[in-house]
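The values are calculated or read from the model by the stated rules, or taken from the named source; none is laboratory data. Note that the structure is a prediction, hence the values are computed from the model and not measured. Positions of Cβ are backbone-derived with ideal geometry, glycine not excepted, and every protein chain shown enters the neighbour counts.
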Amino acid sequence: MQSYEKILDTFFGSDAYPVTWKDEADKNLHWYYDDLHCPNPISPMYFDMFGWWGPTLEYMYDRFGFLGGKGWIGKKINGYVYSAVVPRTNPDDFKYLGSYFNTVFPVYAEEFLNMWNSKYLPEIKRNYEYLDNFNYVDCSTGKLMIHIEELRDILDRHFKIHWVLNLAQFFSHLLFQMKCAEVAPNVDGDIIGKILVSDNDRNWDSLKALYDMKEYIVNNEELSALFKKSNEEIAADFAKFQADHHFVEMLKAYQKEYGYHAMYTHELIFKTVYEDATPLFATLKEYIKEDYQYSVAITKCKADQKAAVEVLMNAVTDDAKRAELKDLMEKAMKMSPLTPDHHFYIDQGTYARCRLALLEVGKNMVRNGAIDNPEDVFMFTYDEMRGIAADPKVIDARAHAAEERAKMEKFGKQVPREWYGTISQWSLYEETYKGLWGWPHKYEQELEERKKTDEQKAAKVTQLKGLPASPGVIEGIAKYVQSPAEFDSIQKGDILVCKMTNPAWVVSFSKISGLVTDTGGATSHPAVVSREFGIPCVVGTTKATRTIKSGMRIRVNGSTGIVDILE
């Protein structure tokens, strides 16, 4: 029996959680909730044509000859995105591709950074130059829709690059970690995590730009007075500033360089910072309040990494083994900036531009009388959008958009299940990527909950178990935050509690003293960034946001993965 045939558990739906299955093959997959990318009910447009799953991942598995799967697909269940990796079942794949992967992968690990800088990144920038300078003025419906087709081609290409980058980096880090376990087994995993951080990437560039604006404000009497007002007053008064004011120029430059991201990257319905700079006012106000010092933060990151490297190298006494470990370490460290940079250049940058281009279609629909709000374009599937653009009367677009919004609101009031379908030995313990979502820990936590008596379940929860993600212990006041729109409620020293973070959340890390998330694994975004900022972090608790309330005093142990609720 193959490991994907060894069934550990199944759930095919219930009255509370109904599921429509395409066929038995659909039911036999392990579908897990994509709270890493899409924690909210998903819009019809994003799910139908702009999701991160699908053909580009088939391309990745095929290009590398990677035996960890043959496809990665998406399914909408009760409004939320679930994904599943499709296992390889053809014996010939294992006969031929294992040796192929082992032949080509070391070359990717060695050469990919140069490939990224010399080939892939320039290609992405050329595509963005085309998209950013496309002339929408007096653009006919036909020409506009052809432009959208070209946008889809660009999205496809960018995510093919994304997955080549992702797997190359993933395995360069994995090879280093495996060698550490072999030659330095007594070195704590926290040390490895501190080594695999980045101190030179677009996240840090963005923070430096915000710091420069903050410094300009505090040294300008007029702006200092302005930023003592409420966020609403700042936005209203700032609109009166002349376009040639130096701070206006700084803000516009930030939006142009760093503004192509929204509250949630993997969705189309949220405004980008490029469109609306208002969230930056709250961020800058907090930077002023806490006197954020960029040089202190980046210096600490570098010092922690340097110290961790010394600990690891000193733990290996055999010269040959140390040389081999150092080689793998240096290759892995070179890849580390690609974690934030691929989010910046591919995930954030591409989806933001997809949103902006589709909004132009929405405006066209408004002019043609099909809808009243350009934002309604995201409530259609791709073919529905194309049909309405060509013939505004093909359906009642206003009613259809309203109905889809109502569905999203309804699903948003429900707590999504963690998984559906079939959990196998392979899907739980052998499929490598699922660790980014906190598996198998999530399922093992679920089994513990099932074993509890009704009395135990009713008892007050005083401790949560998650995955250790960034070392250290911190006690403090919890602040539950649902989105970047609430960042201004975070006080200096708060412990942030949330479902998941993404690059849009980085600006909050300079204020918080610790982090607890519902989801994620040791290499997920909150784990990596917490290590860069040197704050304790526990990920994958599964229910922190349903258990911990703002104002509670908690203790976070980022070395053991334990979160204690103290009061």
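Working only within the stretch 38-60, note down all residues that are outside any loop (DSSP other than H, G, I, E, B) and either among the polar types (S, T, N, Q) or touching a residue at least 24 places away in the same chain (Cβ under 8 Å) (or both). First the steps, then the outcome.
Let us first name the residues in the stretch 38-60 that are outside any loop (DSSP other than H, G, I, E, B), namely 44-50, 55-60.
Result: 44, 45, 46, 47, 48, 49, 50, 55, 56, 57, 59, 60.
Mind checking whether some residue in the stretch 427-438 is touching an Asp or Glu at 6+ places or on another chain (Cβ under 7 Å) and either at pLDDT 90 or above or under 28 Å from residue 196 (Cα atoms) (or both)?
Pass one, the stretch 427-438, residues touching an Asp or Glu at 6+ places or on another chain (Cβ under 7 Å): none.
No; the residues of the stretch 427-438 include none that is touching an Asp or Glu at 6+ places or on another chain (Cβ under 7 Å) and either at pLDDT 90 or above or under 28 Å from residue 196 (Cα atoms) (or both).
Within the stretch 355-381, take every residue that is of a type in the set (Val, Ile, Thr) and crowded, with 19+ Cβ neighbours inside 10 Å and give me the one that is nearest to residue 142 (Cα to Cα). Write out each step before concluding.
Here is the first cut: in the stretch 355-381, the ones of a type in the set (Val, Ile, Thr) are 361, 366, 371, 377, 381.
After this cut, where a residue has to be crowded, with 19+ Cβ neighbours inside 10 Å as well, the list is 361, 371, 377.
On the way: 361: 11, 371: 18, 377: 16 Å.
If we take residues in the stretch 355-381 being of a type in the set (Val, Ile, Thr) and crowded, with 19+ Cβ neighbours inside 10 Å, then 361 is nearest to residue 142 (Cα to Cα).
Filter the stretch 508-567 down to the residues that are under 21 Å from residue 440 (Cα atoms), hydrophobic (A, V, I, L, M, F, W, C) and more than 17 Å from the chain's Cα centre (by Cα), then identify the one that is surrounded by the most Cβ atoms within 10 Å (Cβ to Cβ).
Only one residue tops the list, namely 563.
Filter the stretch 387-413 for residues that are small (Gly, Ala, Ser) and touching a helix residue (DSSP H, G or I) at 6+ places or on another chain (Cβ under 6 Å); which is farthest from residue 44 (Cα to Cα)?
Residues of the stretch 387-413 that are small (Gly, Ala, Ser), as a first pass: 387, 389-390, 397, 399, 401-402, 406, 412.
Filter once more, so that each one left must be touching a helix residue (DSSP H, G or I) at 6+ places or on another chain (Cβ under 6 Å): 389, 397, 401.
Details: 389: 16, 397: 13, 401: 10 Å.
Looking at the filtered set, the residue picked out is 389.
Restricting attention to the stretch 493-511, which residues are more than 18 Å from residue 208 (Cα to Cα) and part of a loop (DSSP other than H, G, I, E, B)? Reasoning before the result, please.
If we filter the stretch 493-511 for residues that are more than 18 Å from residue 208 (Cα to Cα), which is where we start, we get 493-502.
The answer is 493, 494, 499, 500, 501, 502.
State which residue is nearest to the chain's Cα centre (by Cα) when the search covers only the stretch 22-37 and only residues that are assigned to a loop (DSSP other than H, G, I, E, B) and surrounded by fewer than 16 Cβ atoms within 10 Å (Cβ to Cβ).
Going through the stretch 22-37, the residues assigned to a loop (DSSP other than H, G, I, E, B) turn out to be 22-23, 28-29, 34-37.
Those left that are additionally surrounded by fewer than 16 Cβ atoms within 10 Å (Cβ to Cβ): 22-23.
Values: 22: 29, 23: 31 Å.
Only one residue fits best here, namely 22.
Is the stretch 402-409 home to any residue that is farther than 21 Å from residue 146 by Cβ, assigned to a helix (DSSP H, G or I), under 24 Å from the mean Cα position of the chain (by Cα) and at pLDDT below 95?
No, the stretch 402-409 contains no residue that is farther than 21 Å from residue 146 by Cβ, assigned to a helix (DSSP H, G or I), under 24 Å from the mean Cα position of the chain (by Cα) and at pLDDT below 95.
Confirm whether residue 206 is small (Gly, Ala, Ser), crowded, with 19+ Cβ neighbours inside 10 Å and either without any contact (Cβ under 8 Å) to a residue 12 or more places away in the chain or not in a helix (DSSP H, G or I) (or both). Lay out the reasoning, then the answer.
Working: small (Gly, Ala, Ser): yes; crowded, with 19+ Cβ neighbours inside 10 Å: yes; either without any contact (Cβ under 8 Å) to a residue 12 or more places away in the chain or not in a helix (DSSP H, G or I) (or both): no.
So residue 206 does not fit the description; no.
For the stretch 473-496, which positions are of a type in the set (A, V, I, L, M, F, W, C), surrounded by fewer than 16 Cβ atoms within 10 Å (Cβ to Cβ) and modelled with pLDDT of 90 or more?
Scanning the stretch 473-496 gives 473, 477.
Looking at the structure I just gave you, is residue 384 surrounded by fewer than 20 Cβ atoms within 10 Å (Cβ to Cβ) and either closer than 19 Å to residue 47 by Cα or touching a Pro at 6+ places or on another chain (Cβ under 7 Å) (or both)? Step through it out loud before you land on a result.
Details: surrounded by fewer than 20 Cβ atoms within 10 Å (Cβ to Cβ): no; either closer than 19 Å to residue 47 by Cα or touching a Pro at 6+ places or on another chain (Cβ under 7 Å) (or both): yes.
Answer is no for this residue.
Any chance you could count how many residues in the stretch 3-21 are touching a Ser or Thr at 6+ places or on another chain (Cβ under 9 Å) and either assigned to a loop (DSSP other than H, G, I, E, B) or not small (Gly, Ala, Ser) (or both)?
Here is the first cut: in the stretch 3-21, the residues touching a Ser or Thr at 6+ places or on another chain (Cβ under 9 Å) are 3-13.
Now restrict to residues that are either assigned to a loop (DSSP other than H, G, I, E, B) or not small (Gly, Ala, Ser) (or both): 4-13.
Residues that pass the stated criteria total 10.
Consider the stretch 410-430. How many of its residues are of a type outside the set (Lys, Arg) and part of a helix (DSSP H, G or I)?
So the first thing to find is which residues in the stretch 410-430 are of a type outside the set (Lys, Arg), and the list is 411-412, 414-416, 418-430.
Pick out the ones that are also part of a helix (DSSP H, G or I) and you get 411-412, 425-429.
Qualifying residue count for the region: 7.
I'd like to know if the stretch 269-284 contains one or more residues that are more than 30 Å from residue 34 (Cβ to Cβ), in a helix (DSSP H, G or I) and in contact (Cβ under 8 Å) with a residue 24 or more places away in the chain.
Kept after step one, since they are more than 30 Å from residue 34 (Cβ to Cβ), are these residues of the stretch 269-284: 281, 284.
Checking the rest, the ones that are also in a helix (DSSP H, G or I) come to 281, 284.
Of the ones still in play, those that are also in contact (Cβ under 8 Å) with a residue 24 or more places away in the chain are 281, 284.
Yes: the stretch 269-284 contains one or more residues that are more than 30 Å from residue 34 (Cβ to Cβ), in a helix (DSSP H, G or I) and in contact (Cβ under 8 Å) with a residue 24 or more places away in the chain.
From the list 193, 189, 259, pick out the single residue that is crowded, with 20+ Cβ neighbours inside 10 Å and within 30 Å of residue 106 (Cβ to Cβ). First the steps, then the outcome.
Working: 189 fails: crowded, with 20+ Cβ neighbours inside 10 Å; 259 fails: within 30 Å of residue 106 (Cβ to Cβ).
Checking each option against the conditions leaves just 193.
Give 209, 235, 239 a once-over and let me know the one that is modelled with pLDDT under 95 and within 28 Å of residue 39 (Cβ to Cβ).
235
If the requirement is being under 29 Å from the mean Cα position of the chain (by Cα), closer than 30 Å to residue 27 by Cβ and assigned to a helix (DSSP H, G or I), which of these qualifies: 162, 147?
Details: 147 fails: closer than 30 Å to residue 27 by Cβ.
On inspection, the qualifying residue turns out to be 162.
Test of understanding: among 499, 442, 434, 465, which residue is farther than 23 Å from residue 78 by Cα and basic (Lys, Arg)? Reasoning before the result, please.
Details: 499 fails: farther than 23 Å from residue 78 by Cα; 442 fails: farther than 23 Å from residue 78 by Cα; 434 fails: farther than 23 Å from residue 78 by Cα.
Going through 499, 442, 434, 465 in turn, the sole match is 465.
Could you tell me whether any residue of the stretch 400-422 is of a type outside the set (A, V, I, L, M), over 30 Å from residue 380 (Cβ atoms) and surrounded by 11 or more Cβ atoms within 10 Å (Cβ to Cβ)?
First, the residues of the stretch 400-422 that are of a type outside the set (A, V, I, L, M): 400, 403-405, 407, 409-414, 416-422.
Remaining after also requiring over 30 Å from residue 380 (Cβ atoms): 422.
If we keep only those that are surrounded by 11 or more Cβ atoms within 10 Å (Cβ to Cβ) too, we end up with 422.
Yes, the stretch 400-422 has at least one match.
So, of the residues in the stretch 527-567 that are in contact with a helix residue (DSSP H, G or I) (Cβ under 8 Å, 6 or more places away or on another chain) and part of a helix (DSSP H, G or I), which turns out to be farthest from residue 336 (Cα to Cα)?
Step by step, filter the stretch 527-567, then rank; the result is 533.
For the stretch 512-526: of the residues being part of a loop (DSSP other than H, G, I, E, B) and under 23 Å from residue 348 (Cα atoms), which is modelled with the highest pLDDT? Spell out the reasoning first.
The first filter runs over the stretch 512-526 and keeps only residues part of a loop (DSSP other than H, G, I, E, B), leaving 512-513, 518-524.
When the remaining residues are screened for being under 23 Å from residue 348 (Cα atoms), the result is 518-524.
Details: 518: 89, 519: 84, 520: 83, 521: 79, 522: 75, 523: 73, 524: 80.
Only one residue tops the list, namely 518.
Here are some conditions: (1) within 28 Å of the chain's Cα centre (by Cα); (2) more than 23 Å from residue 489 (Cα to Cα); (3) not in a loop (DSSP other than H, G, I, E, B). Residue 247 meets all but one. Which one does it not meet?
(1)
Starting from residues that are hydroxyl-bearing (Ser, Thr, Tyr) and in a loop (DSSP other than H, G, I, E, B), keep the ones in the stretch 431-472 and report whichever is surrounded by the fewest Cβ atoms within 10 Å (Cβ to Cβ). Walk me through how you get there before you give the answer.
Step one: filter the stretch 431-472 for residues hydroxyl-bearing (Ser, Thr, Tyr), giving 432-433, 443, 453, 462, 470.
Retained after the next criterion (residues that are in a loop (DSSP other than H, G, I, E, B)): 432, 453, 462.
Details: 432: 14, 453: 8, 462: 11.
Looking at residues that are hydroxyl-bearing (Ser, Thr, Tyr) and in a loop (DSSP other than H, G, I, E, B), I get 453.
Which of the residues spanning the stretch 290-310 are assigned to a helix (DSSP H, G or I) and surrounded by 15 or more Cβ atoms within 10 Å (Cβ to Cβ)? Give the steps one after another, and end with the answer.
Initially, the stretch 290-310 is screened for residues assigned to a helix (DSSP H, G or I), giving 290, 294-310.
Listed by number, the residues that qualify are 294, 297, 298, 301, 304, 305, 308, 309.
Between a residue in the stretch 97-113 that is farther than 15 Å from residue 173 by Cα and surrounded by 18 or more Cβ atoms within 10 Å (Cβ to Cβ) and any residue that is modelled with pLDDT of 90 or more and basic (Lys, Arg), which pairs come within a Cβ distance under 9 Å, given they are 6 or more apart or on different chains?
97/88
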